[in-house]
Amino acid sequence: MAAKGYRLVGTTQITYDFEPCEPNAYEYRVEFAAGKQFRERDEYRQFLHSLGYKTFWKNINLNLSLGKIKVRPWAEGTGKAAFSPGSYGKELLIVEKQRDGKRFELHTGLSDRIGYYRTLRNAWIFTSFAGLVLLLAVAAGRLPKSLPAIAGGVGLALLGIVPGIDYSFVVRDFLQEKRIHE
Amino acid sequence: MRDNIQGGALTETTFLIMLAVFQPRHGYGIMQFIEEKTHGRVVLGAGTLYGALKALGRKGWIKPLKPQRDSRQKQYVITEAGVGAAIQELHRLQQIQELAFSIIGGAAQ
């Protein structure tokens, strides 16, 4: 969209809102922020604003709910359980920067990248694991043997396994690189 | 206890940030300082810088200054403990440099 001359101006749960601008005037990076605790997410966002970046929250719906509590075992500290609208529905952080010809990356250090991709890997593996748990519950008779339950379990298991494995390789490669470089 | 066991060696990113805040600087200023002084070799990502500033703050090696009026930019400055750690790192790097020159010697010129 940015290359076509559209600038992001807002997001809702199901939409992205754009306004026309010069093509490639802005560039965007997306960060998986669901692993951060609530206060840290806000501090990080303010830090990005202090650098002149603009940010937008976006939901990903990559959570398991227990009633009104969203469960995220891969997250840090109190981020493992989201209780309020301030915590869930804000899993992705879209960061906008005015294009100035300089490299735009949010995570450049090896240690930082390892930590970030580990969180992503764990989130996807958890998704796959949740699907397997669902299938086991159906097989063990704990849940009714219904098509939606089986399809949901298979879907979750398959949805998470490919990116989970992919990010595992990414983390492994960075760890190997870290043996030699910082 | 040897340096490599107790984790005495600082990463390049950490040391550069500490050098940048010998003078009070905000986040963007730190990024610019490092990019300029390394001639573009080191360009810090915002996420990496944020994490490093938090870690250095927790260690007590840098501290935030009170934001000035009408400014949302928080400035950071090195603490006394941070200066001590930076001096220690400088000595460590000097030792390594002397060793490297003694071995590689003329080939490095």
Completion exercise
Per the filter on the range A:167-182, residues touching a residue at least 40 places away in the same chain (Cβ under 8 Å) and in a helix (DSSP H, G or I) are A:167, A:168, A:170, A:171, A:174, A:175, A:177, A:178
Handout entry: Test for residue A:116: is it touching a Leu at 6+ places or on another chain (Cβ under 6 Å), under 30 Å from residue A:54 (Cβ atoms), surrounded by 15 or more Cβ atoms within 10 Å (Cβ to Cβ) and at pLDDT 90 or above
Key = no
Handout entry: Hey, residue A:177 in contact with a helix residue (DSSP H, G or I) (Cβ under 7 Å, 6 or more places away or on another chain), surrounded by 12 or more Cβ atoms within 10 Å (Cβ to Cβ) and acidic (Asp, Glu) or not
Key = yes
Problem - Single match in A:9, A:30 (criterion: within 14 Å of chain B (Cβ to nearest Cβ) and either in contact with a Ser or Thr (Cβ under 6 Å, 6 or more places away or on another chain) or modelled with pLDDT of 90 or more (or both)) - result: A:30
Exercise for the section: Go through A:159, A:143 for me and flag whichever is free of Cβ contacts under 8 Å to residues at least 60 places away in the same chain, in a loop (DSSP other than H, G, I, E, B), of a type outside the set (D, E, K, R) and over 25 Å from residue B:31 (Cα atoms). Expected result: A:143
Completion exercise
For the range A:12-48 the number of residues that are without any contact (Cβ under 8 Å) to a residue 24 or more places away in the chain and of a type in the set (A, V, I, L, M) is 1
Problem - Total residues in the range A:33-63, condition within 14 Å of chain B (Cβ to nearest Cβ) and hydrophobic (A, V, I, L, M, F, W, C) - result: 4
Practice task
Give the number of residues within the range B:39-73 that are within 13 Å of chain A (Cβ to nearest Cβ), closer than 23 Å to residue A:116 by Cβ and not in a helix (DSSP H, G or I).
Solution key: 5
Exercise for the section: Report yes if residue A:94 is at pLDDT 60 or above, in a strand (DSSP E or B) and within 30 Å of residue B:17 (Cα to Cα), otherwise no. Expected result: yes
Exercise for the section: Consider only pairs whose beta carbons are under 6 Å apart and that are at least six residues apart or on different chains; among these, list those whose first residue lies in the range A:97-123 and is free of Cβ contacts under 8 Å to residues at least 24 places away in the same chain and within 8 Å of chain B (Cβ to nearest Cβ) and whose second residue is crowded, with 20+ Cβ neighbours inside 10 Å and hydrophobic (A, V, I, L, M, F, W, C). Expected result: A:108/B:44
Fill in the blank from the handout: Log entry, pairs with first residue in the range B:16-31 being within 11 Å of chain A (Cβ to nearest Cβ) and within 14 Å of residue B:50 (Cβ to Cβ), second being of a type in the set (A, V, I, L, M, F, W, C) and part of a loop (DSSP other than H, G, I, E, B), beta carbons closer than 6 Å, six or more apart or on different chains, reads B:27/A:51; B:28/A:51; B:31/B:44
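The values are calculated or read from the model by the stated rules, or taken from the named source; none is laboratory data. The shown structure was predicted, so the numbers you read here are calculated from the model rather than taken from an experiment. Backbone-built Cβ (ideal geometry, glycine too); neighbour counts: all protein chains shown.
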